[in-house]
1. For a quick check of your reading of the model, give me the residue pairs whose first member lies in the range 18-46 and is among the small types (Gly, Ala, Ser), whose second is surrounded by 24 or more Cβ atoms within 10 Å (Cβ to Cβ) and at pLDDT below 90, with beta-carbon atoms closer than 6 Å and at least 6 apart or on different chains.
2. Checking the structure you have, find out if any residue of the range 151-160 is of a type in the set (Phe, Trp, Tyr), more than 28 Å from Asp64 (Cβ to Cβ) and modelled with pLDDT of 95 or more.
3. With the range 163-248 as the region, which strands (runs of 3 or more DSSP E) entirely inside it contain at least 1 residues that are touching a strand residue (DSSP E or B) at 6+ places or on another chain (Cβ under 7 Å), modelled with pLDDT of 95 or more and not assigned by TED's automatic domain parsing to the domain that holds Arg101?
4. Hey, can you tell me all the residues within the range 176-231 that are farther than 14 Å from Thr29 by Cβ and small (Gly, Ala, Ser)?
5. Taking the condition of being over 16 Å from Leu154 (Cβ atoms) and surrounded by 17 or more Cβ atoms within 10 Å (Cβ to Cβ), how many residues in the range 65-83 meet it?
6. Given the criterion touching a His at 6+ places or on another chain (Cβ under 6 Å) and of a type in the set (A, V, I, L, M), identify the matching residue among Ala62, Ala92, Ala83, Ala99.
7. Condition (residue is assigned by TED's automatic domain parsing to the domain that holds His213 and of a type in the set (Phe, Trp, Tyr)) applied to the range 96-110: is it met by at least one residue?
8. Being of a type outside the set (D, E, K, R) and in contact with an Asp or Glu (Cβ under 7 Å, 6 or more places away or on another chain): is that true of Pro224 here?
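The values are calculated or read from the model by the stated rules, or taken from the named source; none is laboratory data. What you see is a predicted model; the values in this text were computed from it and never measured. Cβ placement follows ideal geometry from the backbone for every residue including glycine, while neighbour counts extend to all protein chains displayed.
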Amino acid sequence: MACPAENLSCNVRDAKRVLSAAKRVVFLTGAGISAASGVPTFRGEGGYWRNRSVIALATPEAFDADPKIVWDWYLMRRQTIAARKPNAAHLAMANWAKAKRISRDIALFTQNVDGLHEAAGQPDVERLHGSLWVNRCTKCGKEREDRALEYAELPLSPCCKALERPGVVWFGERLPRCTMLKATVFVMACEAMVVVGTSGIVSTAADLIVTAHQRGAVVIDVNPEPDMVIADIHVDEPAEVALHLILT
């Protein structure tokens, strides 16, 4: 791994060698892996939708104040993503994991809520930020998958007949405890971590990357844009190009 960072072929070769030898591999993905599928960031022009800040909409307070407009926002996101398909990056990762899972411990933790990893056939997806395709009961917290793209009325849970909310993590909320525990356990023991399409700015993702690096794992960063990820190997190509090179 002494090649200069600009030498793409050398970095790809190093990444392939590391993954060939590693028996415990963690993948951490962010919005960049879904870019080639046409999934927008949903920030919009100036970060607004219907004159509402999209960041302000993604809060428990916004849902308490106006659940309909929050559901309208998330249903619009579902409608947009329903027309999207997994791209070459999702497929390369899923195929690699399925082919290697007999001889390796492989874990995928994603910050994305779009469901494209699952659509690609990725085994054992762990969602750090939840899923757009899940509804959660506001009374008991029970979750269910729901693929509806519109509602005549706000959805009520089958369990409690209470209002349901989107099953995603909003600003000000904690990430799922069980998922974070799994992530910590895997990251503490992994030999290689592949970070795809995330800048490393979000604290949870950044903490996992730093932990892997400090524990001696080789961190492979796949991102064409400058980022803050502490990595041993940088592959400065879009995910759909880089993962095809690295994993096939």
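1. Qualifying pairs under 6 Å: Gly30/Thr198.
2. First, the residues of the range 151-160 that are of a type in the set (Phe, Trp, Tyr): 151.
Now narrow it down to the ones that are more than 28 Å from Asp64 (Cβ to Cβ): none.
Checking the range 151-160: not a single residue is of a type in the set (Phe, Trp, Tyr), more than 28 Å from Asp64 (Cβ to Cβ) and modelled with pLDDT of 95 or more.
3. On the way: elements: 164-168, 192-196, 218-222, 233-235.
By residue number, 164-168.
4. Hits for the range 176-231 are Ala189, Ala192, Ser203, Ala206, Ala212, Gly216, Ala217, Ala231.
5. Restricting attention to the range 65-83, the residues satisfying the condition of being over 16 Å from Leu154 (Cβ atoms) are 77, 79-83.
Cutting the leftovers down to surrounded by 17 or more Cβ atoms within 10 Å (Cβ to Cβ) gives us 77, 81.
So the count comes out to 2.
6. Numbers: Ala62 fails: touching a His at 6+ places or on another chain (Cβ under 6 Å); Ala83 fails: touching a His at 6+ places or on another chain (Cβ under 6 Å); Ala99 fails: touching a His at 6+ places or on another chain (Cβ under 6 Å).
Just a single option satisfies the conditions, and that option is Ala92.
7. At the first step, the residues of the range 96-110 found to be assigned by TED's automatic domain parsing to the domain that holds His213 are 96-110.
With the extra rule that they be of a type in the set (Phe, Trp, Tyr), the set shrinks to 96, 109.
Checked against the condition, which is being assigned by TED's automatic domain parsing to the domain that holds His213 and of a type in the set (Phe, Trp, Tyr), the range 96-110 yields at least one hit.
8. Numbers: of a type outside the set (D, E, K, R): yes; in contact with an Asp or Glu (Cβ under 7 Å, 6 or more places away or on another chain): yes.
Criteria met by Pro224.
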